[in-house]
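None of the figures in this text is laboratory data; all of them are computed from the coordinates on show. Given the structure is predicted, the values throughout are model-derived calculations rather than measurements. All Cβ positions, even for glycine, are placed from backbone atoms using ideal geometry, and neighbour counts span all protein chains on display.
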Amino acid sequence: MRTSRAIILLALLTLLALVGTAVFVYLPVNVTINSVSPPVIFQLGSNAGGTDLAGNIIQVTLGPNASSATLVLHPTYQKTYYHDVLQVSNPSPPAGDNYYIGIKVVSPLTGAGFSSAVARVYDSANNLLFTADLTTAGTYGWATLLPDGQTFRIDIEIVITEGVPLPSGSVTFELVYSPQSVTPPP
Amino acid sequence: MLSRLVAIPLIPLLFFLPHVLGAEFSYYPTSLTLNSISPPITFYDPGVPGVTVSLGPNSTSASITVKASTQPFDIVANSDFIGPSPWLFIPGTDLTSATVLPSYLGRVGVANISGSGSLFSGYTDSAFLYQQITWPTTPILFANVYLEACVEYAVTSGFSILLLDATVFVVDANTLAVVDSLTFILDVGSSSTCTWNTYTGGLNVAAYTPGGTYYFLIRYRVQSLFTLFGGAYYARFYTNLANITVAPANPTFLGIFLLANASTGIYNASLSLVSASFTGNVDANIWLRNNTVQVQSSSITITASSIVTSQSSELVVTTVPPGYYSLEMWLDTTISPGSSATLNLVLKYRIQDGVYVEYPIQLNIVDPPERGGRSAEPPGNVFRILSIEPPPYIDYLRNYDA
């Protein structure tokens, strides 16, 4: 009799313990999302659409809201340098908003035979701000200030060493920007 | 007490809260695709004696060794008409054809100027071969002209006595003054078979400006000394060699050290001197030349082993007819005995302002052994000597008699 009571009591206490730990508290949070026009945009460089080597075209295409870009280039052996093919702009209006930018290489350049590939970012005074290595994943140039009303240009430099079959490849990178510079982008 | 217990954990939370709320990032994706292509401009060995060229596996780099020498050397490009011709042709009224033959009568590389016409008393007609040359910057002890030529002609009707001659002119390209002229009688009479002869004469070296630009012209002329009741003729002038040989006071080299050809497109090209090392005393000028239009760039200049100018001006580079080259790279250097230099150059070409390509060139200048003789490589094609806008003064030279 005493044993059965003890067992029942033990079972009740166990059940109580399990019930007691499954406690949830719900705090309501209202989130309102008001999207805005992109304050930083891509622009076609002055040589986008120009003549590339061997009768090709320097192909640069922007997304419908200038927040993405696609480039197709046709380099050859040794060093091929593409000048001002893409631009990053912080147009004014709105005035007074400054942003910090960097380039994050997500999928590095594929294709054997490319000995180097870099993107160079210059300000309007032709000062080199930073260089992004397109063959290595990572974030480059963070946090470079893009002041209100300023536009930076992006050049691409490709080096193909002689003696290898002419390579083809692709790289995906992101322009990352933020109104703050303290926290690096994830 | 309770308020302190609540406040203490809240303080760091308040400190970090703004940063967490302010760490907003936007990411714009960009994709870059690279589809590489065959090089539109490639290097070629000029085959010049004393110049050893090693090209990269895709002919977009080169390592060259140039042997400076005190041996007399030729300052006329392709003076033996072997290989692509920088020679230009100015036709006459009847002497209107100019070609280069792979061989003729035992000679390899022969230029042929020919034509036919009606004869009358006082008839004269002339045609020219010419090219632009650069006088060496180094002191020259003496200079000689060598012309190896022969002529075939016949009076096909009527009776005429013809005089056929060749005159070599050197004309200042800036002032258009005739600096030197030498006339050689090739044959006179009524008919002839072609017999090779070498005609030679000395130039007045004191009249030449070191580094100056000149036109080197060969005028072939037919004159009727006597024609009875009219007639007709044909004439064929053959040239196997037309050069100016100069003897330098110091080890020197003047000539083409590298060629480049464009297979497609139009470019602006220039040469840059990136770095250099010297032993002893070296003077050098390096420039680009587009021989099809007789245009050359400004020079990279080295004086007493110091770099004075490290960049040439740009030249337009285009595709050219078979047998020619889009671009010549020239070197004029004088070194003290035992001196040497290693020059790291870059050929840079661009399309407008959008795309630039750079090819590395290493140029080594060394002291003798002596340069070799003429190249014996036979040409593969018969090709026509280009005819473009003639230099000024040409009508005057048609009737010039020294």
- Condition test on residue A:68, is it loosely packed, with under 15 Cβ neighbours inside 10 Å and either farther than 15 Å from residue A:156 by Cα or not aromatic (Phe, Trp, Tyr) (or both)? no
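Restricting attention to segment B:109-163, which residues are part of a loop (DSSP other than H, G, I, E, B) and under 19 Å from residue B:181 (Cβ atoms)?
So the first thing to find is which residues in segment B:109-163 are part of a loop (DSSP other than H, G, I, E, B), and the list is B:120-123, B:135-139.
Within segment B:109-163, just B:135 meets the criteria.
Could you please find all residues in segment A:57-86 being at the interface with chain B (Cβ under 7 Å from one of its Cβ atoms) and in a loop (DSSP other than H, G, I, E, B)? Let's see the steps before the verdict.
Keep residues of segment A:57-86 that are at the interface with chain B (Cβ under 7 Å from one of its Cβ atoms), which gives A:58, A:67-83.
Within segment A:57-86, A:58, A:67, A:68, A:74, A:75, A:76, A:77 qualify.
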- Query: If you go through segment B:91-136 one residue at a time, how many are small (Gly, Ala, Ser) and under 21 Å from the mean Cα position of the chain (by Cα)?
  - Reply: 3
- Message: Yes or no: segment A:87-104 includes at least one residue that is surrounded by 19 or more Cβ atoms within 10 Å (Cβ to Cβ), farther than 16 Å from residue A:156 by Cβ, β-branched (Val, Ile, Thr) and more than 9 Å from chain B (Cβ to nearest Cβ).
- Response: yes
- Item | Test for residue B:200: is it part of a strand (DSSP E or B) and touching a residue at least 40 places away in the same chain (Cβ under 8 Å) | yes
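Would segment A:42-56 turn up any residue that is of a type in the set (Val, Ile, Thr) and under 22 Å from residue B:34 (Cα atoms)?
Of all residues in segment A:42-56, those of a type in the set (Val, Ile, Thr) come to A:51.
Next cut, under 22 Å from residue B:34 (Cα atoms) only: A:51.
Yes, that holds for at least one residue.
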- Is it the case that segment A:140-157 has a residue that's within 28 Å of residue B:58 (Cβ to Cβ) and not hydrophobic (A, V, I, L, M, F, W, C)? yes
- Task: Being assigned to a loop (DSSP other than H, G, I, E, B) and surrounded by 16 or more Cβ atoms within 10 Å (Cβ to Cβ) is the filter here, so list the residues in segment A:39-55 that pass it.
- Result: A:39, A:40, A:45, A:47, A:48, A:50, A:52
- Task: Counting only residues that are of a type in the set (A, V, I, L, M, F, W, C), give me the strands (runs of 3 or more DSSP E) lying completely in segment B:293-360 with at least 3 of them.
- Result: B:315-317, B:327-335, B:340-351
- Message: Whether any residue in segment B:266-278 is free of Cβ contacts under 8 Å to residues at least 24 places away in the same chain and not aromatic (Phe, Trp, Tyr) is what I want to check.
- Response: no
